[in-house]
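Visitor: A single structure is presented below for examination.
The values are calculated or read from the model by the stated rules, or taken from the named source; none is laboratory data. Nothing here was measured: the structure is a model prediction, and the numbers come from that model. All Cβ positions, even for glycine, are placed from backbone atoms using ideal geometry, and neighbour counts span all protein chains on display. What goes into the accessible areas is simple: the full protein's heavy atoms, side chains included, and nothing from ligands, DNA or RNA. Shrake-Rupley method; radii C 1.70, N 1.55, O 1.52, S 1.80 Å.
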Amino acid sequence: MADKKKTGAAVSEEPTADPGQAEHPVRSEEAAAEIEADAEGTIGAEFGDEALEPEQAKNDDVKDRASDAYHAKVTAKAGTMSGLVTGLIKELRPKQWVKNVLVLAVPFLAGQILNPDVLVKAVVAFVVFSMAASGIYFVNDAIDVEADRAHPTKRNRPIAAGLIPVPIAYVVCVLLLGGSLAISAVTSHTLLAVMAVYIAVQLGYCFGLKHQPVIDLCIVASGFLLRSIAGGAAAGLAITQWFYLVVAFGSLFMVAGKRYAEVKLAAETGAKIRKSLKAYSPSYLRFVWAIAAAITIMSYTLWAYDIREEVQSRWGLISAIPMVVAILRYAVDIDKGVAGEPEEVVLKDKILMVLGAILAGCLALAFYL
């Protein structure tokens, strides 16, 4: 999501800024915060294919990720063993692995999360997804290395900064992707199929599909759906189609919100955006996330009624209340154009965290009480 952004991918071939272009207007605090987050490769998509290329005034502040002083600090270790090790760890982007917790959703909702065998297989699914996602980060940044070096903040990425030679990046990518598929094959043929589809789709995204309007939205959203499928596939569990509809359209809701934040930020700051985002108008993205939110709420409500019938518990139906309130609360952030990173929005909003805890509690009472 879901698994770039990131949130979250990460997967730049955006046009570089014209050196002679006039400085952009002063950014708001929210805009500046999102641009700073872009230095970690998280804004724009699951694999960090950041769409924004704001011009920033150069300075000598070593803490400013766009400054020459900061870049010099990053590249100082280039060509050394310590620099290579540091670069490899950073390029894995372990912070993005939190999205892979979604593989536990199906075992939890099937009432099997306390089953040791099921839990072990779900953890294996988490591991193989983390390996695959990190492998995609390596290949994406290796492909975009020249464009990244022309960007004020992305030039600090390990590959662009010279900490990781491009050939080594490809070798690590092959090892991670190959290892992910090998472990999946030993665990479950169904899990292997899911991982093969995930890797194929994300590689297609890296090699050009990220520049196709609408397709890029669907691919990023599919990453979250495949994560949820993987958890059930690894343990051989089945779940109602309503759950998958909730995950699919809930992911589209968040992805459209991320794109809306990017387009709105570009309009406010004059930042350049990649080709696919030029096809999106703010009104179109509002249309997409509004439809996605409506379908998510409808699907969840229908699923909640199914839960009441299947497990004879009203807690599933009650869980629809915090679910709907959480979506409406998150929509406020999308409407403001500050939902560029879903995980950051949630972690900074205590009300959303409380609603999530209530939702999880209701479902736990429904399936485990």
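Visitor: Which of the residue pairs LYS121/LYS258; LYS73/LYS348; LYS258/LYS348; LYS90/LYS264; LYS90/LYS210 have a Cα-Cα distance greater than 27 Å in the structure shown?
Guide: Check vs 27 Å cut-off fails for LYS121/LYS258; LYS73/LYS348; LYS90/LYS264.
Visitor: Defining a contact as two alpha carbons under 8 Å apart and six or more residues distant in sequence, what relative contact order in percent does segment 144-295 show?
Guide: 18
Visitor: Collect residues whose amide H, placed 1.01 Å from N in the peptide plane, falls under 5 Å from the amide H of GLY337; neighbours closer than 5 in sequence don't count.
Guide: Answer set, sorted by chain and number: none.
Visitor: ALA279 label point, 7 Å along Cα→Cβ, cut-off 17 Å on backbone N: hits in segment 212-254?
Guide: 212-222
Visitor: Roughly how many Å² of LYS90 are accessible to a 1.4 Å probe, to the nearest 10?
Guide: For LYS90, the solvent-accessible surface is approximately 80 Å².
Visitor: Separate question: Quick check on packing: order 125-132, 220-227 by the mean number of other C-beta atoms within 10 Å, highest mean leading.
Guide: Going from most to least packed, we get 220-227, 125-132.
Visitor: Same structure again: Whenever you get a sec, line up TRP303, TRP242 from highest to lowest accessible area (probe 1.4 Å, protein heavy atoms).
Guide: Result of the area sort, largest leading: TRP242, TRP303.
Visitor: Also: In sequence order, what are the phi-derived ³J(HN,Hα) couplings for segment 128-141 according to the Karplus relation 6.51 cos²θ - 1.76 cosθ + 1.60 with θ = phi - 60°, rounded to whole Hz, with x for glycine and proline?
Guide: So the J values, rounded to whole Hz, are 5, 5, 5, 5, 5, 4, 5, x, 5, 4, 5, 5, 5, 6.
Visitor: Once both labels are modelled 7 Å past Cα along the beta-carbon direction, what's the GLN312-LEU175 spacing in nm?
Guide: 5.5
Visitor: When the Karplus curve 6.51 cos²θ - 1.76 cosθ + 1.60 is applied with θ = phi - 60°, which whole-Hz ³J(HN,Hα) does each residue of segment 323-330 get, with x for Gly and Pro?
Guide: 5, 5, 4, 5, 5, 5, 5, 5
Visitor: Hey, another quick one. In nm, what is the difference between 0.36 nm times the number of residues separating LEU119 and ILE351 and their Cα-Cα distance?
Guide: Going from the current span to full extension adds 80.6 nm.
Visitor: Report the FRET efficiency, 1/(1 + (r/R0)^6), for ALA360 and SER82, where r is their Cβ-Cβ distance and R0 is 41 Å, rounded to 0.05.
Guide: 0.50
Visitor: Moving on. With a ≥ b ≥ c taken as the square roots of the eigenvalues of the C-alpha gyration tensor of segment 199-255, please select rounded if a/c is under 1.5 and otherwise prolate if a/b is larger than b/c or oblate if it is not?
Guide: Since a/c reaches 1.5 but b/c is at least a/b, the shape of segment 199-255 is classed as oblate.
Visitor: How large is ³J(HN,Hα) for each residue in segment 147-156, as worked out from phi by the Karplus curve 6.51 cos²θ - 1.76 cosθ + 1.60 (θ = phi - 60°), to whole Hz, x for Gly and Pro?
Guide: Each residue's phi maps through the Karplus curve to give 5, 5, 5, 8, 9, x, 10, 5, 5, 8 Hz.
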